[in-house]
1. Points 7 angstrom from Cα along the Cβ direction at Gln175 and Arg158: gap in nanometres?
2. Using a simple charge model, +1 on the beta-carbon of Lys and Arg, -1 on the beta-carbon of Asp and Glu, nothing else, what dipole does the chain show about its Cα centre, in debye to the nearest 20?
3. About the Cα centre of region 136-200, what is the dipole size in debye to 20, counting +1 per Lys and Arg Cβ and -1 per Asp and Glu Cβ, all else neutral?
4. For the chain, what does the accessible surface come to per residue with a 1.4 Å probe? Please give it in Å².
5. Sketch the reach of a paramagnetic label on Cys265 as a point 7 Å from Cα along Cα-to-Cβ, and name the residues of region 286-324 whose backbone nitrogen lies under 11 Å away.
6. So if each residue of separation counts as 0.36 nm, and I subtract the Cα-Cα distance between Asn44 and Asn323, what length gain in nm does that give?
7. Given a cut-off of under 8 Å on Cα pairs at least six residues apart, what relative contact order in percent is computed for the chain?
8. What does the charge count near Glu8 come to, summing +1 for each Lys or Arg and -1 for each Asp or Glu among other residues with Cβ under 13 Å from its Cβ?
Amino acid sequence: MKHTITVEGYAYKIRPVTLMDASFILEVRLEDKERNQYIHEIPNDQLMQEKWIEAYFTRKEDYYFVIENKITGEREGLIGIYDREGNKAEWGRWVIKQGSMGAVESVDLIYKAAFNRIGLEELFCRTVEENRSVIAFHESIHQKTRGRLENFFILNGRTYHAVEQYVDREYYYNQIQEELERKAYKIFVRNMRCAIGEFEFHHIGVATKELEREIFSYKILGYIREGSVFQDLEQGVKGQFLIGKGYGNCENFPRLELLENLPNCTTLEFYQKNHIHLYHVAFFVGNIEKAIEIFERSRAKVVSPLKESVYFKKRICFLALANSFLIELIER
């Protein structure tokens, strides 16, 4: 079925299969014969695979996805939803490349596609009973088991029993969504550390009309100056960092960077006119070029390209996330 459903998670996303994915489908399905013994065999023929995809495009209620690594941009697997009956459907065609860490998040994303985008109430899967590792994985992510289906599969001339496991909408949202997202987040953090090294919060940028007047307002919260006022002629602003020492039980407030337009500059004009104080959030990164590449892959846009910062003496870059939220990356 030709569809436009794309669902993004932390480290992975699922997006529609296209004809351009024919060679990848062959690659991942033929990668490991032993591991893939419990799926239907396919010939190593790209033309036949392209014809299969074209036929798939004509089928209704059949959703076939590529699992894509958002950090590397590489394709790492396949997953699908099909055989819909009313408000239920089966998910499967699930194949992950060797070494991929996309298993948990790809399942979470297929649930989100089913329940958020397609409008299903239940998603079930049927696994060859002898495929113990997959059944155990499904149990580990708390899929419910409905029962055994006798002599359900015929693969390579042999008959197999199947185990049917399922998740419904209410159970997903109330019982397992949080845990799946937490597991996916841990994988994301690991992958990001490998890709860009350090990624550390540094400050929140605050747009002001009058720097010194604004500093007065933050004193009651326990903020004090960090360093002196600085000017950045290239960006058209002057600024002052504040750190929050707090008082009583209040400690370690986030660092603030108060910013004011230099004369005849309009960098902060939009924020000032609309009384928006939050300007950006800034992070130190180990590999700034790689970080920009990863953010752009997640639909962020560079709004101020790499340049040397007057304050940090390192390169910085500003990007707008897909929701227009502005972030600053600072080279460590």
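The values are calculated or read from the model by the stated rules, or taken from the named source; none is laboratory data. The model shown is predicted, which means the values in this text are computed figures rather than measured ones. For neighbour counting, all protein chains shown are included, and Cβ atoms are generated from backbone atoms with ideal geometry for every residue, glycine included. Accessible surface areas use protein heavy atoms only, side chains included; no ligands, DNA or RNA. Shrake-Rupley method; radii C 1.70, N 1.55, O 1.52, S 1.80 Å.
1. 3.3
2. With Lys and Arg at +1 and Asp and Glu at -1, about 420 debye.
3. Result for region 136-200 is approximately 240 debye, rounded to the nearest 20.
4. 53
5. Flagged as within label range: 310-311.
6. This chain segment gains 96.2 nm when fully extended.
7. 12
8. With Lys, Arg at +1 and Asp, Glu at -1, the net is +3.
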